[in-house]
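Trainee: Got a structure here, written out as structure tokens. Questions coming.
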Number of protein chains: 2
Amino acid sequence: MSHAKLFIPGPVEVSAKTFEAFCRPMIGHRSQDFKNLYAGLQPSLQELFYTKQPVYLSTSSAWGVMEAAIRNLVAKKVLVCMNGAFSDKWYDVAIKCGKAAEKCQVEWGQPITAAIVKEKLAQGGFDALTMIHNETSTGTMSPLAEICEVVRSFPDVCMIVDTVSSFSAVPIKMDEWGIDVLLTGSQKAMAMPPGLALFALSQKALDRAATVKDRGYYFDFLEFQKNGAESMTPSTPSIAHIYALKSKLEDIFAEGVENRYRRHDENNNIVREWVRSKGLELFPDEKFASKSLTCVKNNKNLDVAAMVKTLKQKHNFLIDGGYGKIRGTTFRLSNMGDETPATMRELLAALDDVLAG
Amino acid sequence: MSHAKLFIPGPVEVSAKTFEAFCRPMIGHRSQDFKNLYAGLQPSLQELFYTKQPVYLSTSSAWGVMEAAIRNLVAKKVLVCMNGAFSDKWYDVAIKCGKAAEKCQVEWGQPITAAIVKEKLAQGGFDALTMIHNETSTGTMSPLAEICEVVRSFPDVCMIVDTVSSFSAVPIKMDEWGIDVLLTGSQKAMAMPPGLALFALSQKALDRAATVKDRGYYFDFLEFQKNGAESMTPSTPSIAHIYALKSKLEDIFAEGVENRYRRHDENNNIVREWVRSKGLELFPDEKFASKSLTCVKNNKNLDVAAMVKTLKQKHNFLIDGGYGKIRGTTFRLSNMGDETPATMRELLAALDDVLAG
């Protein structure tokens, strides 16, 4: 069966160049060759993370580091900002780690706002806050800079931000905004195969971790710091992913980071225009709509499952028919990764064809 | 720089066929295609694990699952069998997880024996035991079947066995021997890139996990069970590794599992003969020497670091110059993965050349 091109919100298509790097012969992960590989990535990664801190590589998906942030930083109570499937789940994960957690729940499709965060944190007793910058299930991007400004006025609170589906699609200024844990995954806008998570830590996060018990080993932030100082990872890493990352960083800086943001914006605007032209609506308020994917509200009562199926069968494109409780009442189109205005228009032309019946 | 062929004890060389599978285009990890891929692996994996239980796939290195076994199964106290760098470290990991742990320490190069395990467990108070079947740092393989027989007489104790460097090189009979957690990694005898861990759980392990608090999410055994029942993983998996695993399982069953064990045995015997022919000795007692790698005692006062360096520069083969506190006083030759008598003899001829100066 031929491969259906992915326009789902991750994983997305992986380029031939990335796959070529992914298949470089193995090297020992305690060798000088590995240390050179690891160290060579740091300047580019730090630029993309807008940080002077080292960037760490975790052989896991992002959930591993999302859990790690809870285990490493929460001693008192974490405020979990919830506005979709993935941010909601983070609350359950905190509870499963045996941590005290409180919900800051807003409706799916609504953003987290600075005002609601301020009100909650003002109640006191929190030492960490989690939020998902770009809630992939609803295509909603919360105003991160404004929220960070509020959190900075609560010096005991560590700011933990998941940017899995926004990282490298829009700028996220870790040091300037005062983010304590900034984490992302490989398979979204980075357009690598899944299996690697990337994260950076503020000094405040490292100092906090040093005071928190039962951090374990595999995701212990202090082990990442110690091994990272010698350009290594605590455990055997996925060397193939790290080679792929090197290749992808070359691509990103060859394009130019600002050009990359602009391309994602342009791709996304093409999708939004198409949505409007069909009489459809965005699921979130447009002001808070994601730049890397579009969650479309099915206000025309389309048979979404049939549309997804026909698009795959007839045009070999795969889109997502909505996540969790909004399956069918929404659908999602990704513009993450290596897509261009031309490839986005190909997808939309195919969708036009399907909708024309 | 040309690639040096790896004869280190992991990662080992990855075949062109495995890499080809590793680079198949991505698919959604909640799709039917993925479920079919996952389910299709189970019969082969169960045969290799000698179990009727499902085999789970963790996007992590083996340490992730080694830590998971502690977090999921230890409520009272774990007995940590220690006879080398990796098994020793498992004790530290248990402590870092906040668990009560007791050492069952023997000298590096000595095996764990049924007698010592029986003596320790008889003291009482344990609900789990960890051991590394094939301690990679010292090339020592402990008599697992005999030890399992002892542990079976302590019904409260969960038997946790790491077979990272022995799995698929020698038979390990999970159900028959009564192993509760059997875990391995991808980059040793399986000859895949690092980044995937495989494990299976007895019903006893699952029942225990259900009673243990703060298991977290990413490595929660019950999440693996729940998602595995639907042919999925709890979090986004490394799809590339799972494609590579499918390819490697085809190779293993095309060769025949018994033939594969025989080949590893033959390869290993060729190395042992060479060791003797040079007037060198095995680091462990030959009766407990590993079948997948050989840890050579440097009783001839060779300059190991120079030998490793020259072998790489002159012949483009990489071996290991000894691990941790036995670096230089030992060195290690791996015969894991796809190696054959012919390729082992190439390595040894190159070593002869280097030693002849």
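The values are calculated or read from the model by the stated rules, or taken from the named source; none is laboratory data. Keep in mind it's a predicted model, so treat the numbers as computed, not measured. Quick reminder, even Gly has a Cβ in these numbers, built from the backbone with ideal geometry, and neighbours come from all protein chains shown.
Trainee: Among the residues that make up the stretch B:121-130, is at least one of them under 18 Å from the mean Cα position of the chain (by Cα) and away from chain A (no Cβ under 14 Å)?
Mentor: yes
Trainee: Look at the stretch A:200-226 and say how many of its residues are within 14 Å of chain B (Cβ to nearest Cβ) and within 30 Å of A:Val12 (Cβ to Cβ).
Mentor: Going through the stretch A:200-226 one residue at a time, the tally reaches 4.
Trainee: While we're here: Would you pick out the residues in the stretch A:114-140 that are in contact with a Phe, Trp or Tyr (Cβ under 6 Å, 6 or more places away or on another chain), under 26 Å from A:Asn72 (Cβ atoms) and part of a strand (DSSP E or B)?
Mentor: A:Thr130, A:Ile132
Trainee: Go through the residues of the stretch A:168-189 one by one and say whether even a single one is within 21 Å of A:Leu37 (Cβ to Cβ), touching a Ser or Thr at 6+ places or on another chain (Cβ under 9 Å), in contact (Cβ under 8 Å) with a residue 60 or more places away in the chain and away from chain B (no Cβ under 14 Å).
Mentor: Scanning the stretch A:168-189, I find at least one residue that is within 21 Å of A:Leu37 (Cβ to Cβ), touching a Ser or Thr at 6+ places or on another chain (Cβ under 9 Å), in contact (Cβ under 8 Å) with a residue 60 or more places away in the chain and away from chain B (no Cβ under 14 Å), so the answer is yes.
Trainee: For the stretch B:293-324, give me each residue that is over 21 Å from the mean Cα position of the chain (by Cα), part of a helix (DSSP H, G or I) and over 15 Å from B:Ala350 (Cα atoms).
Mentor: B:Ala305, the sole residue that qualifies.
Trainee: Would you pick out the residues in the stretch B:300-324 that are within 21 Å of B:Glu286 (Cα to Cα) and exposed (fewer than 14 other Cβ atoms within 10 Å of the Cβ)?
Mentor: Of everything in the stretch B:300-324, those that are within 21 Å of B:Glu286 (Cα to Cα) and exposed (fewer than 14 other Cβ atoms within 10 Å of the Cβ) turn out to be B:Lys300, B:Asn301.
Trainee: Right, something else. Starting from the stretch A:260-282, take each residue that is assigned by TED's automatic domain parsing to the domain that holds A:Thr343 and farther than 23 Å from A:Lys248 by Cβ and list its partners that are assigned to a loop (DSSP other than H, G, I, E, B) and among the charged types (D, E, K, R), counting only C-beta distances under 8 angstrom and pairs at least six apart or across chains.
Mentor: Partner pairs satisfying both residue conditions: A:Lys278/A:Lys300; A:Gly279/A:Lys300; A:Leu280/A:Lys300.
Trainee: A further question follows. Please work out if B:Ala69 is part of a helix (DSSP H, G or I), of a type in the set (A, V, I, L, M) and closer than 30 Å to B:Thr329 by Cα.
Mentor: It is false that B:Ala69 is part of a helix (DSSP H, G or I), of a type in the set (A, V, I, L, M) and closer than 30 Å to B:Thr329 by Cα.
Trainee: Give the residue, chosen from A:Pro11, A:Pro111, that is within 14 Å of another protein chain (Cβ to nearest Cβ), in contact with a helix residue (DSSP H, G or I) (Cβ under 9 Å, 6 or more places away or on another chain) and part of a loop (DSSP other than H, G, I, E, B).
Mentor: Just a single option satisfies the conditions, and that option is A:Pro11.
Trainee: Quick one: in the stretch A:197-245, which of the residues that are surrounded by fewer than 20 Cβ atoms within 10 Å (Cβ to Cβ) and of a type in the set (Val, Ile, Thr) is farthest from the chain's Cα centre (by Cα)?
Mentor: A:Thr211
Conditions tested, residue by residue: (1) of a type outside the set (Gly, Ala, Ser); (2) out of contact with any strand residue (DSSP E or B) (no Cβ under 8 Å at 6 or more places or on another chain); (3) crowded, with 22+ Cβ neighbours inside 10 Å.
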{"position": "A:Ser60", "(1), (2), (3)": "no, no, yes"}
{"position": "A:Ile70", "(1), (2), (3)": "yes, no, yes"}
{"position": "A:Leu79", "(1), (2), (3)": "yes, no, yes"}
{"position": "A:Lys96", "(1), (2), (3)": "yes, yes, no"}
{"position": "A:Ala100", "(1), (2), (3)": "no, no, no"}
{"position": "A:Gly125", "(1), (2), (3)": "no, no, no"}
{"position": "A:Ala128", "(1), (2), (3)": "no, no, yes"}
{"position": "A:Glu149", "(1), (2), (3)": "yes, yes, no"}
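Trainee: If you don't mind, another one. Look through the stretch B:14-28, keep the residues that are assigned to a loop (DSSP other than H, G, I, E, B) and facing chain A (nearest Cβ under 7 Å), and return whichever of them is farthest from B:Pro234 (Cα to Cα).
Mentor: Filtering first and then ranking leaves B:Val14.
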